[in-house]
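Novice: If you scroll down you'll find the structure; I have some questions about it.
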Amino acid sequence: MSKVQFKKALLVAAALAVTTSAAAAGKLEIFSWWSGDEGPALEALVKLYKQKYPAVAVDNATVSGGAGTNAKAVLKTRMLGGTPPDSFQAHAGQELIGTWVVANRMEDLSALFKSEGWDKAFPKDLTALISSKGGIWSVPVNVHRSNVMWYNPAKLKQWGVTVPKTWPEFITTCATLKRKGVAAPLVMGENWTQQHLWESVMIGTLGAQGWQDLFSGKIKFTDPRVVGAFTTYGKVMDCANKDASGLSWQQASDRIVDGTSAFNIMGDWAAGYFTTTKKLAPGTGFGWATSPGTSKVFVMLADSFGLPKGAKNRAEATNWLKVLGSKAGQDAFNPLKGSIAARIDSDLSKYNTYSKSAATDWKNSKIVGSMVHGAVAPESFTSAFGAIIDQFAATKNSAGAAAAAQQLAVKAGFSK
């Protein structure tokens, strides 16, 4: 080999070394609040990503605590400081849209949805919830259901009552149970679980369209139908335990297991708690039904990830989103998370009895978004609404609560 050829060979080798080093230096920072019991589900997604993109170093930046409260505070500092993570977790819908999309901090994912076929894989109602101003802003990795009523089948049989299908029927059943010695037929927990109950009462009274009209500003909170639903909510609260403010949602669920109370309105993460922690069999150890008045409605919340403008590792983040939206990704994550896939083509053999029933309803129900879990209202509304529920619990003033909620809706910008 001549000296010229040798020098050329060295240059080629050096170029290859630089290329290889660059490929190996790929990075991806994932920002979420999934830790503890939820950590393994996220790790399943990271594992799948690493299988597809082994040269990328994944930084799993988790900020634990408070259903995302701590993470959202850190995220706000980073987004406003111009150092966004490559992709971050947010509740699908207005929690993201009303905070970061309106601030022009997110990339439109419409082209990615089309290229990945997600316009057909995700239900249209769901796509509508994550869309605004002609764009699609996040990729939902899962679906939880808000409007579920949990009960103990053996205790209902013992008490001689059946599952109520409407809220007036619920109130009648409550009176029957009290006569039978059940002091608190309904069990509630701390403030957010009371908002969760309010949501189900409101949807079960107004219907799916009325609920959507409320959060699109087509009807006001001061509308007589909404005021009437507040009154119904007050009657439902009269069926509940007096120590609600001191209970976590898990502690409230325990009272269904031990037969202290008959009913609890909670999201379907309760199914995971019953089966995993309490070791109960679905259908016998615990039962479920849609919350009264919502039999054909699926009130959803979803965890999703978006692509912030200015992400340092945009290509790696885009590939992360592709994994999240894939059938393989969703079926790796959701059986561990206790949720169902946002896609309608998931492999149901991987899911338990409750999740299979939820997946069937996901395909066949009217889908609306949860307020308390960030889907239909901006964070400025949801963060302040708890005070209205606290005040209502003390006064049972339906007109006053409705007026306060309307003022909050105007301030949040979705009503006039």
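The values are calculated or read from the model by the stated rules, or taken from the named source; none is laboratory data. Since the structure is predicted, the reported quantities are computational estimates derived from the model, not experimental observations. All Cβ positions, even for glycine, are placed from backbone atoms using ideal geometry, and neighbour counts span all protein chains on display. Side chains included, ligands, DNA and RNA excluded: accessible areas come from the protein's heavy atoms. Shrake-Rupley method; radii C 1.70, N 1.55, O 1.52, S 1.80 Å.
Novice: Being of a type outside the set (A, V, I, L, M, F, W, C), surrounded by 17 or more Cβ atoms within 10 Å (Cβ to Cβ), farther than 22 Å from K114 by Cβ and touching a Pro at 6+ places or on another chain (Cβ under 9 Å) is the filter here; which residues of the range 318-351 pass it?
Specialist: Answer for the range 318-351, where residues must be of a type outside the set (A, V, I, L, M, F, W, C), surrounded by 17 or more Cβ atoms within 10 Å (Cβ to Cβ), farther than 22 Å from K114 by Cβ and touching a Pro at 6+ places or on another chain (Cβ under 9 Å): K337, Y351.
Novice: Further, regarding this structure: With (1) part of a strand (DSSP E or B); (2) modelled with pLDDT of 95 or more as the list, and I367 as the residue in question, which single condition is left unmet?
Specialist: Answer for I367: the failing condition is (2).
Novice: Quick check on the range 290-317: of everything there that is among the polar types (S, T, N, Q) and touching a strand residue (DSSP E or B) at 6+ places or on another chain (Cβ under 6 Å), which residue is most open to solvent (accessible area, probe 1.4 Å)?
Specialist: Going residue by residue through the range 290-317, those that are among the polar types (S, T, N, Q) are 290-291, 294-295, 304, 313.
Still in the running and touching a strand residue (DSSP E or B) at 6+ places or on another chain (Cβ under 6 Å): 291, 304, 313.
Working: S291: 1, S304: 2, N313: 40 Å².
Step by step, filter the range 290-317, then rank; the result is N313.
Novice: If you don't mind, there's one more thing I want to ask. Which one of these does P292 not meet: (1) out of contact with any Gly (no Cβ under 7 Å at 6 or more places or on another chain); (2) assigned to a loop (DSSP other than H, G, I, E, B)?
Specialist: Exception for P292: condition (1).
Novice: Among residues belonging to the range 197-231 that are of a type in the set (S, T, Y) and crowded, with 23+ Cβ neighbours inside 10 Å, point out the one that is farthest from A289 (Cα to Cα). Reasoning before the result, please.
Specialist: Pass one, the range 197-231, residues of a type in the set (S, T, Y): 200, 205, 216, 222, 231.
Restricting the remaining residues to those that are crowded, with 23+ Cβ neighbours inside 10 Å gives 200, 205.
Values: S200: 12, T205: 17 Å.
Selected residue: T205.
Novice: Being at pLDDT 95 or above, polar (S, T, N, Q) and under 20 Å from V257 (Cβ atoms), is that true of even one residue in the range 198-215? Can you show your working first?
Specialist: Taking the range 198-215 as the starting set, the residues that turn out to be at pLDDT 95 or above are 198-215.
Checking the rest, the ones that are also polar (S, T, N, Q) come to 200, 205, 209, 212.
Filter once more, so that each one left must be under 20 Å from V257 (Cβ atoms): none.
Looking for residues that are at pLDDT 95 or above, polar (S, T, N, Q) and under 20 Å from V257 (Cβ atoms), one finds none in the range 198-215, hence no.
Novice: What number of residues within the range 78-97 satisfy the criterion of being over 21 Å from the mean Cα position of the chain (by Cα), closer than 29 Å to G267 by Cβ and open to solvent by 20 Å² or more (accessible area, probe 1.4 Å)?
Specialist: 1
Novice: Being open to solvent by less than 50 Å² (accessible area, probe 1.4 Å) and assigned to a helix (DSSP H, G or I) is the filter here, so list the residues in the range 232-249 that pass it. Spell out the reasoning first.
Specialist: Start the filter on the range 232-249 by keeping residues that are open to solvent by less than 50 Å² (accessible area, probe 1.4 Å), which leaves 232-234, 236-237, 239-241, 244, 247-249.
Once the filter is applied, which keeps residues that are open to solvent by less than 50 Å² (accessible area, probe 1.4 Å) and assigned to a helix (DSSP H, G or I), the range 232-249 yields T232, Y233, G234, V236, M237, A244, W249.
Novice: Scan the range 114-127 for residues that are more than 15 Å from A92 (Cα to Cα) and either hydroxyl-bearing (S, T, Y) or touching a Phe, Trp or Tyr at 6+ places or on another chain (Cβ under 8 Å) (or both) and jot them down.
Specialist: Matches in the range 114-127: S115, D119.
Novice: When the residues of the range 301-318 are narrowed to those that are farther than 21 Å from G93 by Cβ and of a type in the set (K, R), which ends up nearest to the chain's Cα centre (by Cα)?
Specialist: Looking at the filtered set, the residue picked out is R314.
Novice: Next question, about the same structure. Suppose we keep only residues that are surrounded by fewer than 20 Cβ atoms within 10 Å (Cβ to Cβ) and closer than 28 Å to A302 by Cβ within the range 250-268. Which one would you say is nearest to the chain's Cα centre (by Cα)? Don't jump to the end; show me each part of the working.
Specialist: Taking the range 250-268 as the starting set, the residues that turn out to be surrounded by fewer than 20 Cβ atoms within 10 Å (Cβ to Cβ) are 250-251, 254, 257-260.
When the remaining residues are screened for being closer than 28 Å to A302 by Cβ, the result is 250-251, 254, 257.
Values: Q250: 17, Q251: 21, D254: 22, V257: 24 Å.
Among residues in the range 250-268 that are surrounded by fewer than 20 Cβ atoms within 10 Å (Cβ to Cβ) and closer than 28 Å to A302 by Cβ, the one nearest to the chain's Cα centre (by Cα) is Q250.
Novice: Are there helices (runs of 4 or more DSSP H) fully within the range 98-195 with at least 1 residues that are surrounded by 17 or more Cβ atoms within 10 Å (Cβ to Cβ) and at pLDDT below 95? List them. So that I can check it myself, show each step before the final result.
Specialist: Details: elements: 110-116, 118-121, 124-129, 153-159, 167-179.
Correct list: 124-129.
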